[in-house]
Amino acid sequence: MDWATLNNYLPFLRRYLPAAPFPILFIYCGLLLQMLTATSKRVAAASVVSAGILFAVLVFSYFYDWTFAVVWTGCLAGIWLAVRPHERKRVVSLFLILAGLMIASVAPYLLLISRLGATTGEAHFMATSHKPDLFRLTELFGVLIIALIGFLISRGRVKSSDPTVVFTLACAVTPFLLFNQQILTGRSLQPFHYEVFIGGYTTVLAAFVSVILLWRSLTATRPAVARILLTVIACGAVLSGSAEATLMTRRQLSGNRIRDDVRPALLRLAQIARQTKDGSLDTKSVVYAPNFIVASSIPTTAPQPVLWAPYLFVFPDVTLVEDKERLASFLYYKDVDFNNIDHFRLESLDNEQSYYLSSLIGRGRFNPRLSVNWQPIATDEVREALDYYRNFVATFDRTKASSPLVSYLLVSADDPVKLSNFDRWYERDEGERVGNYILFRVQLKVRRLTSINNA
């Protein structure tokens, strides 16, 4: 396992998305089980309507949750009808009602999607591929779960018609369809999100249920083996949780400290944005933060736009060309110099330099998980990116300095950075100390500059 490519925290809690809709998906799944097992028509009807409402919430919350729900629902319906054919008429009618509610939710969503910018698909790394994807961890666990359930059914330890068994099998089969739908559709959109932010949890849940079924079977025949199995699984869970809470979160510690330290300054920015002469909210004054972690934190608190941030390119009104130009300005103001880079030894770069350079080559090139068509960065691509940046710096002028026009500079008081290029074009006020940061109001210098430093 490559720990460097994994998320450094509990994945579903990385941001309000997918954290907020995460429990809703599980409630949705529970409502479907209640719908199928209810003996009262009233309870079944209430369950299907409630599930439809929650599905609508998922549609307008997180793409990977609602598409997971669609596939899981299809798997649940298919398996249920296969193992409980005597309920076909009732079950089909319930799923038809649910399907109608789901279509009613998805239709306006698709209409909104059709109005997105032309580069949205490219910015989100939509890939064209028919290549199968069969060896992800959730799929491998799915195979083991299916095999275990099959073994228990063949030995008569569980019944295939048991709702718990059907639920478990649906969770185990769903990843195969999610990671291989591109075989038919020819489209793939960052499929690792299914594995990291939802599929991993549902697969673990299915594995847990499978183990409980196995443990119950062994308890009746081999109680000693059942106790050993439970002990091993409990120890494995503790070790896994410890690794999640220590080894991986430790790598995120420095970034989290920066976010905490800059919070007062961001609140001050938000306060300033509300203090305009006409009483309107200031959403035009651009902020330049040389620290990319700070830059990425600004939109979470303050309404002012940023010169550049790691996720700027995903906004539909920002083209990839504009994103690249603003990244180049960000680096130029920061006095970043790529002159001594060895084209053949990129692995010697630190993480920040590597991220900047790969982003100049193409967004997403730093992360092989973002696209099924990802290719390693070639030497020619590095050369082209460096030539682009050198030319950008050499031709930097007043027009570039004012597009966009920067109004605020936010820097750490304890870790000052070299900003000689920025100071060539902008003049600062005395600055305002807010916590561990200094917020400067800046304006473009009036005098015309005739010489610039080639980075």
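Projecting the Cα atoms of Gly30, Leu184, Gln443 onto the charge dipole of the chain, computed from C-beta unit charges around the Cα centre, puts Gly30 farthest toward the positive end. Heavy-atom accessible area, probed at 1.4 angstrom with all protein chains present, ranks Tyr355, Tyr333, Tyr388 as Tyr388, Tyr355, Tyr333, highest first. Ellipticity at 222 nm from helices only: DSSP H runs of n ≥ 4 in the chain, each -39500 (n - 2.57), divided by the residue count, give -17500 deg cm²/dmol. Oblate is the label for segment 19-167, because a/c, from the alpha-carbon gyration tensor with a ≥ b ≥ c as root eigenvalues, is 1.5 or above and a/b does not exceed b/c.
In this structure segment 143-220 gives 43 Å² per residue of accessible area when probed at 1.4 Å with all protein chains present.
Taken per residue, the accessible surface of segment 253-338 reaches 46 Å², heavy atoms only and a 1.4 Å probe. Straight-line cross-link partners of Lys41 among the lysines, defined as a Cα under 17 Å from its Cα and at least 8 positions apart when in the same chain: Lys89.
Counting only protein heavy atoms and using a 1.4 Å probe, what share of the accessible area of the chain belongs to carbon plus sulfur, as a whole percent? For the chain, the apolar C and S fraction of the accessible surface comes to 61 percent.
About the Cα centre of the chain, what is the dipole size in debye to 20, counting +1 per Lys and Arg Cβ and -1 per Asp and Glu Cβ, all else neutral? It would help to have the intermediate numbers written out before the result.
On the way: 46 positive and 35 negative charges, 319 e Å.
Roughly 1540 debye, rounded to the nearest 20.
Looking at segment 352-445, the accessible area is 48 square angstrom per residue; that uses a 1.4 Å probe and ignores ligands, DNA and RNA. Antiparallel beta bridges, as assigned by DSSP with both residues in the chain, represent about 80 percent of the total such bridges. Only lysines eight or more places from Lys284 in sequence, or on another chain, were considered; those with a Cα closer than 24 Å are Lys324, Lys334, Lys400, Lys445. Rg over Rh for segment 199-325 works out to 1.29, using Cα positions for both radii and the Kirkwood form for Rh.
An ellipsoid equivalent to the chain, defined through the eigenvalues of its Cα gyration tensor, has semi-axes of 50, 25, 22 Å when rounded to whole angstrom and sorted largest first. For segment 152-219 versus segment 386-402, the inter-centroid distance based on Cα atoms is 53 Å.
The values are calculated or read from the model by the stated rules, or taken from the named source; none is laboratory data. What you see is a predicted model, and the numbers here were worked out from it, not measured in a lab. All Cβ positions, even for glycine, are placed from backbone atoms using ideal geometry, and neighbour counts span all protein chains on display. Accessible surface is based on the protein model in full, side chains and every heavy atom, while ligands, DNA and RNA are left aside. Shrake-Rupley method; radii C 1.70, N 1.55, O 1.52, S 1.80 Å.
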